[in-house]
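Heads up, the thing below is written out as structure tokens.
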Amino acid sequence: MSEPEDGPNIHVGRGIVLAEGCESVRVRYRIVLDKRADGPAATGTLTGRHAGLFPIWLEPDAQLRVKNGRSFAISLTDLVGDVAEFESTGPVPEL
């Protein structure tokens, strides 16, 4: 799903969050892509098992793999119940 060209692109789907030393967690994601001078940046929410997301929230580096198989670096910035907020920490591929 996308919004108008001059606004942010919003993508929703199912994916996997991975972090070194943690079990992978299946999630539903909502990604908002914003155009920036240095390239696209992503923020959004992940909904998954709190018990799985909590250890990843404590790690500074994680990966979000989206439904088309592409992945990018993220950091979980907040976790309340089964919903985590995240932001990209590196290049974001075209989704």
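Okay, here's what the table says:
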quantity	calculated
Boolean, R30 is free of Cβ contacts under 8 Å to residues at least 24 places away in the same chain and part of a strand (DSSP E or B)	yes
Residue in region 27-37 that is under 12 Å from the mean Cα position of the chain (by Cα) and open to solvent by 30 Å² or more (accessible area, probe 1.4 Å) present	yes
Residues within region 60-72 that are open to solvent by 30 Å² or more (accessible area, probe 1.4 Å), in contact with a strand residue (DSSP E or B) (Cβ under 8 Å, 6 or more places away or on another chain) and not hydroxyl-bearing (S, T, Y), tallied	5
Selection status of G52, open to solvent by less than 50 Å² (accessible area, probe 1.4 Å), out of contact with any His (no Cβ under 8 Å at 6 or more places or on another chain) and part of a loop (DSSP other than H, G, I, E, B)	no
When residues of region 7-26 are limited to those that are assigned to a strand (DSSP E or B) and touching a residue at least 40 places away in the same chain (Cβ under 8 Å), the one most open to solvent (accessible area, probe 1.4 Å)	R14
Residues satisfying the stated conditions in region 62-90, i.e. in contact (Cβ under 8 Å) with a residue 40 or more places away in the chain, outside any strand (DSSP E or B) and farther than 14 Å from V32 by Cα	K67
Of residues in region 86-95 being closer than 14 Å to D61 by Cα and in contact with a strand residue (DSSP E or B) (Cβ under 6 Å, 6 or more places away or on another chain), the one surrounded by the most Cβ atoms within 10 Å (Cβ to Cβ)	F86
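The values are calculated or read from the model by the stated rules, or taken from the named source; none is laboratory data. Here the structure is a predicted model, which is why all the values come from computation and not from measurement. Cβ: placed from backbone, ideal geometry, glycine included. Neighbour counts: every protein chain shown. In case anyone asks, the SASA skips ligands and DNA or RNA and just uses the protein heavy atoms, side chains included. Shrake-Rupley method; radii C 1.70, N 1.55, O 1.52, S 1.80 Å.
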